[in-house]
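S.K.: Okay, handing you the structure first.
The values are calculated or read from the model by the stated rules, or taken from the named source; none is laboratory data. Fair warning: this is a prediction, and the values are worked out from it, not measured in the lab. All Cβ positions, even for glycine, are placed from backbone atoms using ideal geometry, and neighbour counts span all protein chains on display. Please note that ligands, DNA and RNA were not included when accessible areas were found on the heavy atoms of the full protein model with its side chains. Shrake-Rupley method; radii C 1.70, N 1.55, O 1.52, S 1.80 Å.
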Amino acid sequence: MSTARFTLDPAFTIGEVDPRLFGSFVEHLGRCVYTGVFEPGHPSADEQGLRTDVLDLVRELGVTAIRYPGGNFVSGYRWEDGVGPVDRRPRRLDPAWRSLETNRFGLSEYMDFVRKVGGEPMLAVNLGTRGVQEARELLEYANHPGGTTLSDLRAAHGDKEPYGIRLWCLGNEMDGPWQTGHKTAEEYGRLAAETARAMRQIDDSLELVACGSSSQAMPTFAAWEATVLAEAYDLVDHISLHAYYEEIDGDRDSFLASAVDMESFIENVVATCDHVGARLKSSKRINLSFDEWNVWYQRRHHAQTPPDWEEAPRLLEDVYSVTDAVVFGSLLIALLRHADRVTVACLAQLVNVIAPIMTEPGGPAWRQTTFFPFAQASRYGRGQVLDVRVESPTYTTAKYGEVPLLHATAVRDDSGAVTVFAVNRGQRDALPLEVDLRGLALEDVVEHSVLADADPEARNTLDDPERVAPHPGEGTELKDGALRTVLEPMSWNVIRLA
Ligand code: AHR
């Protein structure tokens, strides 16, 4: 068995983790909102109809920024439908998901939810069927203290204090032909720039996210970013990236290497942003908002019969295996390894819809396998990311060629404690790991937590909600300035050193 190795040196860092790297996403889609976060009448519901069992799990998960209300949904949404007296809110068709939207949950309920979980709002405006004026009105309704028709309307609706939303998305996936109001890069670039300019006329301290590509595989990828940024470079702070991964035709080896694509996507977008910056002779740096990422079995979803305009249909309710959680952990490692430029990231989504938390209407809420890597990364992945250059045996994949078996990163917090996050991509063999802790005054292995299972298909379900959970790793030792351990086959590992 050959050994994987890397060196940790406090002098060599990638950058500070922005807490918003551990964001998530709540869309009006399927049961994410209705019977997910919001279910008046549920035994655990609070006075506002939020499920407190879900609130507890969201807090445990450690999510920070929460993107809302979509997603494809936002491109046909009228924000005015979701404010004011509930009994006067309209019922509308949601063509994005062929569902019926009651608007029982809207901006005020979302802000209540965000406050209760201690998150940061991240609001998307509709640039599919709407434009500059509606975005500006929404901003005034949400953030202006008072004394105007729209801000006074918010107060009349019960929210006297402005919401103070700083982070805004200028539309969603406008490069995708499936998007309501889909645009060319030129059309969207102009609209994004003009919307940003109008919003900044009200508040120049906003942080704005322009739509990048819906995946690296889009035919317009990179040209889209370059065109949009040529229009909007000085007016926006971030460009978005979206990526979903799934195992296709039983090719698990490639699936386990999904982060290779995610890392190259990030690096290509960084290069494109910096290329535009260089052309504009700008010293400003555009950062990345990876505001949709996850494992998602999209092919299965597309093979299903679409809903027939029901309220809160069961949609995209993927049940994640241990294998999915290991890939998911590797995606988290990819984000951390690029923390210098990825300053916002949103796990899509939060509840029921390709989510780490599942619920039953009127019934319990439970943790999917992917819950654990996210909660651990959010808890221990705060501080400086150390520069990890892995030396590892490789394996062959159909999609990405030779790929290192080890995928890893390490984060050093303010106290000097270091957490190593590591994935062994090998399906069959354990992987010995040796880490040279040069210059780090570390003495103890506080914990080695492992997510792996003899059954790679093991999952948590309504009937067996605690089937999968992390277990302690064995034989991990810190001696003579080196960490030595053996990573189980196909495993996600969190090794905490103090
Ligand atoms: O997260 C599910 C969907 O995926 C979102 O609505 C859309 O933005 C993306 O295509």
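S.K.: Of the conditions (1) within 21 Å of CYS211 (Cα to Cα); (2) out of contact with any Gly (no Cβ under 6 Å at 6 or more places or on another chain); (3) open to solvent by less than 10 Å² (accessible area, probe 1.4 Å), ILE333 fails just one. Which one is it?
M.R.: Unmet for ILE333, out of (1) within 21 Å of CYS211 (Cα to Cα); (2) out of contact with any Gly (no Cβ under 6 Å at 6 or more places or on another chain); (3) open to solvent by less than 10 Å² (accessible area, probe 1.4 Å): (1).
S.K.: Test GLU447 against the criterion of being touching a strand residue (DSSP E or B) at 6+ places or on another chain (Cβ under 6 Å), outside the structural domain of LEU256 (by TED's automatic domain parsing) and closer than 18 Å to PHE6 by Cα, and give yes or no. Spell out the reasoning first.
M.R.: Details: touching a strand residue (DSSP E or B) at 6+ places or on another chain (Cβ under 6 Å): yes; outside the structural domain of LEU256 (by TED's automatic domain parsing): yes; closer than 18 Å to PHE6 by Cα: no.
Answer is no for this residue.
S.K.: Turning to a different aspect of this structure: Exactly one of (1) of a type outside the set (D, E, K, R); (2) farther than 30 Å from VAL418 by Cβ; (3) within 16 Å of the ligand (Cβ to nearest atom) is unmet by VAL319. Its number?
M.R.: Going through the list (1) of a type outside the set (D, E, K, R); (2) farther than 30 Å from VAL418 by Cβ; (3) within 16 Å of the ligand (Cβ to nearest atom), VAL319 breaks only (3).
S.K.: Identify, from the list LEU462, LEU440, the residue that is in contact with a Pro (Cβ under 7 Å, 6 or more places away or on another chain) and part of a loop (DSSP other than H, G, I, E, B). Please lay out each step first, then the result.
M.R.: Values: LEU462 fails: in contact with a Pro (Cβ under 7 Å, 6 or more places away or on another chain).
On inspection, the qualifying residue turns out to be LEU440.
S.K.: Next up: Return yes or no: is ARG314 at pLDDT below 95 and either within 16 Å of the ligand (Cβ to nearest atom) or outside the structural domain of SER205 (by TED's automatic domain parsing) (or both)?
M.R.: Values: at pLDDT below 95: no; either within 16 Å of the ligand (Cβ to nearest atom) or outside the structural domain of SER205 (by TED's automatic domain parsing) (or both): yes.
For ARG314, the condition - at pLDDT below 95 and either within 16 Å of the ligand (Cβ to nearest atom) or outside the structural domain of SER205 (by TED's automatic domain parsing) (or both) - is not met.
S.K.: Among what's in segment 178-198 and is within 16 Å of the ligand (Cβ to nearest atom) and in a loop (DSSP other than H, G, I, E, B), pick the residue that is most open to solvent (accessible area, probe 1.4 Å).
M.R.: Here the residue is TRP178.
S.K.: Within segment 84-117, how many residues turn out to be open to solvent by 20 Å² or more (accessible area, probe 1.4 Å) and under 17 Å from GLU161 (Cβ atoms)?
M.R.: Summing the residues that are open to solvent by 20 Å² or more (accessible area, probe 1.4 Å) and under 17 Å from GLU161 (Cβ atoms) in segment 84-117 gives 5.
S.K.: I've got another one for you. Within segment 279-296, how many residues are within 14 Å of the ligand (Cβ to nearest atom) and open to solvent by less than 20 Å² (accessible area, probe 1.4 Å)?
M.R.: In the first step, residues of segment 279-296 are kept if they are within 14 Å of the ligand (Cβ to nearest atom); the result is 289-296.
Okay, now just the ones that are also open to solvent by less than 20 Å² (accessible area, probe 1.4 Å), so 289-295.
Number satisfying all stated conditions: 7.
S.K.: Got at least one residue in segment 316-324 being outside any helix (DSSP H, G or I) and aliphatic (A, V, I, L, M)? Please lay out each step first, then the result.
M.R.: Going residue by residue through segment 316-324, those that are outside any helix (DSSP H, G or I) are 316-321.
Keeping just the survivors that are aliphatic (A, V, I, L, M) gives 316, 319.
Taking every residue of segment 316-324 in turn, at least one turns out to be outside any helix (DSSP H, G or I) and aliphatic (A, V, I, L, M).
S.K.: Among residues belonging to segment 1-50 that are closer than 30 Å to PHE105 by Cβ and of a type in the set (Val, Ile, Thr), point out the one that is surrounded by the fewest Cβ atoms within 10 Å (Cβ to Cβ). Explain how you work it out, then say what you get.
M.R.: Going through segment 1-50, the residues closer than 30 Å to PHE105 by Cβ turn out to be 18-50.
Filter again for of a type in the set (Val, Ile, Thr), leaving 26, 33, 35, 37.
Numbers: VAL26: 31, VAL33: 30, THR35: 22, VAL37: 28.
Among those that are closer than 30 Å to PHE105 by Cβ and of a type in the set (Val, Ile, Thr), it is THR35.
S.K.: Quick check on segment 199-219: of everything there that is open to solvent by 60 Å² or more (accessible area, probe 1.4 Å) and in a loop (DSSP other than H, G, I, E, B), which residue is nearest to the ligand (Cβ to nearest atom)?
M.R.: Going through segment 199-219, the residues open to solvent by 60 Å² or more (accessible area, probe 1.4 Å) turn out to be 201-202, 204-205, 217, 219.
Filter again for in a loop (DSSP other than H, G, I, E, B), leaving 204-205, 217, 219.
Values: ASP204: 28, SER205: 27, ALA217: 13, PRO219: 16 Å.
Among residues in segment 199-219 that are open to solvent by 60 Å² or more (accessible area, probe 1.4 Å) and in a loop (DSSP other than H, G, I, E, B), the one nearest to the ligand (Cβ to nearest atom) is ALA217.
S.K.: Now a separate question. Of all residues being open to solvent by less than 10 Å² (accessible area, probe 1.4 Å) and part of a strand (DSSP E or B) in segment 359-396, which is nearest to ALA325 (Cα to Cα)? Just the residue, please.
M.R.: Of segment 359-396, the ones open to solvent by less than 10 Å² (accessible area, probe 1.4 Å) are 359, 368-371, 373-374, 377-378, 381, 383, 385-386, 388.
Filter once more, keeping what is part of a strand (DSSP E or B): 359, 385-386.
Details: THR359: 19, VAL385: 22, LEU386: 23 Å.
Only one residue tops the list, namely THR359.
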